[in-house]
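These notes concern the structure reproduced below.
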Amino acid sequence: MAQAYIVAAARTAGGRKGGRLSGWHPADLAGSVLDALIARTGADPALVEDVIMGCVGQAGEQATNIARNAVLASSLPESVPATSVDRQCGSSQQALHFAAQAVMSGSMDIVIAAGVESMSRVPMGMPTILPFKNGLGIYKSPRMEERYPGIQFSQFVGAEMVAAKYGLDKDQMDSFGYASHQKAIAATKSGAFTDEIVPIQITMPDGSTEMHVIDEGIRFEASLEGMRGVKLLQEGGTLTAATSSQICDGASGVMVVNEAGLKALGVEPLARIHHMTVIGGDPVIMLEAPIPATHRALKKAGMKIDDIDLYEVNEAFASVPTAWLKDIGADPSRLNVNGGAIALGHPLGGSGTKLMTTLIHALGAHKKRYGLQTMCEGGGLANVTIIERL
């Protein structure tokens, strides 16, 4: 079987809700990332055989196959097909898995996996809320109700359930959230994100233009005392808005090829896909699945957690990576070394390839070999990707 290699990885800097990227249509934003991947590899755009793009809010401006619309908003020719993927927060990580599987099978040689989410222009939950308000029903079917009677699946409830199950308290959550900002601040000031970020031109209120290159969600003046004072999301809980992922606009992508693709492009690979896992778990606690998924991935890969040099575990809520660290027995110093979604934002369907972009660049900067990425996903799902830097 052929190998899957990543030859380019790029992302936009995150934008706050209603912030610096809110003026960009998501198809144009994603199209800019596609153009960047082509530019970084010098590839003939016509050689791209598919674009697989993650997106959660597939409604409004992100409806009607956002992946195809992004292609049509880019420099790629009309001959390049595209499809949109929804595995909730893991959508673009799953897009990467699908792309890798395509090139490993030999059915394709060059595929782009990407993701986009404009949470300013397509609010979170819009595909569920709009039909319900118009009398068109909800996603929970009668048979699901029989199996889970009276249960409203909620990531917020799940995040608190994870904290309770793993014995985590508010002080731990606050400290984790503060550390995320401190790491993101250090990474930004040191230029760690420079090579991975695609500059996006934005128009300022006075009509002038500038390039958006710094993640807007980072609170450069954050203090632990200030974070401790933020109101709890639910009474008696452990989590606040300051220890939860930020609503975010953004796009990201990676180009995935096999040996034939490497030859056709004449480029050197950045990393090799070493292993891929996806798992389903309890949809009520929902956000715990990265833990069994990581155990399964390490076992299948014949590795131990100490073999992994860096980890990216999505900071949907501080309880998720904290519980993951505790159960896996992982080294905290290797986790989200440049900060995570609490500071940088979580553009839902765009986060999978966003984290992969950061992981690849971090492995290069630290001259490390193996990286592991995982994230919790709605419905009690989780993907794990292990890569080897080349």
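The values are calculated or read from the model by the stated rules, or taken from the named source; none is laboratory data. None of the values given here were measured: they were computed from a predicted structure. So basically every Cβ, Gly included, is an ideal-geometry build from the backbone, and we count neighbours across all protein chains shown.
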Hey, can you tell me all the residues within region 179-195 that are in contact (Cβ under 8 Å) with a residue 12 or more places away in the chain and of a type in the set (Lys, Arg)?
Lys183
Residue list for region 245-263, filter: aliphatic (A, V, I, L, M), within 16 Å of Gly42 (Cβ to Cβ) and not in a strand (DSSP E or B)
Leu262
Quick one: Ala330 ticks every box in (1) buried (at least 23 other Cβ atoms within 10 Å of the Cβ); (2) among the hydrophobic types (A, V, I, L, M, F, W, C); (3) outside any helix (DSSP H, G or I) bar one, so which box is it?
(1)
For region 264-322, name all the residues that are β-branched (Val, Ile, Thr), crowded, with 21+ Cβ neighbours inside 10 Å and not in a helix (DSSP H, G or I).
Ile273, Thr277, Ile308, Val313
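Identify the residue in region 144-186 that is hydroxyl-bearing (Ser, Thr, Tyr) and in a helix (DSSP H, G or I) and, among all such residues, is nearest to Gly237 (Cα to Cα).
It comes out as Ser175.
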With the requirement that a residue be more than 24 Å from the chain's Cα centre (by Cα) and outside any helix (DSSP H, G or I), what does region 224-237 give you?
Gly229, Val230, Lys231, Leu232, Gln234, Glu235, Gly236, Gly237
Please tell me if Ala39 is part of a helix (DSSP H, G or I), more than 14 Å from Val257 (Cα to Cα), out of contact with any Leu (no Cβ under 9 Å at 6 or more places or on another chain) and among the aliphatic types (A, V, I, L, M).
yes
Do you know which residues across region 126-163 are surrounded by 14 or more Cβ atoms within 10 Å (Cβ to Cβ), touching a Gly at 6+ places or on another chain (Cβ under 9 Å) and in contact (Cβ under 8 Å) with a residue 60 or more places away in the chain?
Met126, Pro127, Phe153, Gln155, Phe156, Gly158, Ala159, Glu160, Ala163
What pairs can you find where one residue is in region 1-28 and touching a residue at least 60 places away in the same chain (Cβ under 8 Å), the other is buried (at least 18 other Cβ atoms within 10 Å of the Cβ) and among the basic types (Lys, Arg), and their Cβ atoms are less than 8 Å apart, with a gap of 6+ or different chains?
Arg11/Lys354; Ser22/Arg121; His25/Arg121; Pro26/Arg121
Just for region 84-107: of the residues that are in contact with a strand residue (DSSP E or B) (Cβ under 6 Å, 6 or more places away or on another chain) and surrounded by fewer than 21 Cβ atoms within 10 Å (Cβ to Cβ), which one is nearest to Leu348 (Cα to Cα)?
Gln88
Residues to consider are Met204, Met211, Met255; find the one that is modelled with pLDDT of 95 or more and over 25 Å from Gln93 (Cα atoms).
Met211
Pairs with Cβ under 6 Å, 6+ apart, first in region 60-83 and touching a residue at least 60 places away in the same chain (Cβ under 8 Å), second surrounded by fewer than 19 Cβ atoms within 10 Å (Cβ to Cβ)
Glu61/His25
Among the residues of region 38-58, is any in contact (Cβ under 8 Å) with a residue 60 or more places away in the chain, of a type in the set (S, T, N, Q), within 27 Å of Glu216 (Cα to Cα) and surrounded by 24 or more Cβ atoms within 10 Å (Cβ to Cβ)?
no
